[in-house]
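The values are calculated or read from the model by the stated rules, or taken from the named source; none is laboratory data. What you see is a predicted model; the values in this text were computed from it and never measured. For neighbour counting, all protein chains shown are included, and Cβ atoms are generated from backbone atoms with ideal geometry for every residue, glycine included. To get the accessible areas, we keep the full protein, side chains included, count just its heavy atoms, and leave off ligands, DNA and RNA. Shrake-Rupley method; radii C 1.70, N 1.55, O 1.52, S 1.80 Å.
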Amino acid sequence: ECGFYYLDANKIISKNKLAEGYDRKRKTKIVDIKKLNKFLIKEISIFKKDKKYKGITIDSHLSHYLPRKYADLCIVAKCGINELG
């Protein structure tokens, strides 16, 4: 809607099998951050060259692990998921 390419890191993790297992206690996938970052950096490089988009939005609770030079802004929402709606 705002002209940004949208990347859903959770879909990327599932589609590209970047999870190493499942943590039953926390009810979440165990993700290899290095593998995820490698994939995201590749995607960022592709879409930075595409003049069709103003930028890229990465939606994930893991995107803050991305090296600083690949992000202009990181927004961390500290509230319940229902409040974000």
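Values as computed for the structure displayed
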read-out: Close pairs from the stretch 5-29: first of a type in the set (Ser, Thr, Tyr), partner exposed (fewer than 10 other Cβ atoms within 10 Å of the Cβ), Cβ under 9 Å, at least 6 apart; value: Tyr5/Asp50; Tyr5/Lys52
read-out: Residue match in the stretch 6-13 (condition: surrounded by 14 or more Cβ atoms within 10 Å (Cβ to Cβ) and among the aromatic types (Phe, Trp, Tyr)); value: no
read-out: Close pairs (7 angstrom Cβ cut-off, 6 or more residues apart or separate chains): of a type in the set (S, T, N, Q) in the stretch 37-61, part of a helix (DSSP H, G or I) anywhere; value: Asn37/Tyr65; Ser60/Ala9; Ser60/Asn10
read-out: Within the stretch 1-42, considering residues that are assigned to a loop (DSSP other than H, G, I, E, B) and under 15 Å from the mean Cα position of the chain (by Cα), the one nearest to Tyr70 (Cα to Cα); value: Asp32
read-out: Filtered residue count, the stretch 43-75, keeping only those that are open to solvent by 100 Å² or more (accessible area, probe 1.4 Å) and either part of a strand (DSSP E or B) or in contact with a Leu (Cβ under 9 Å, 6 or more places away or on another chain) (or both); value: 1
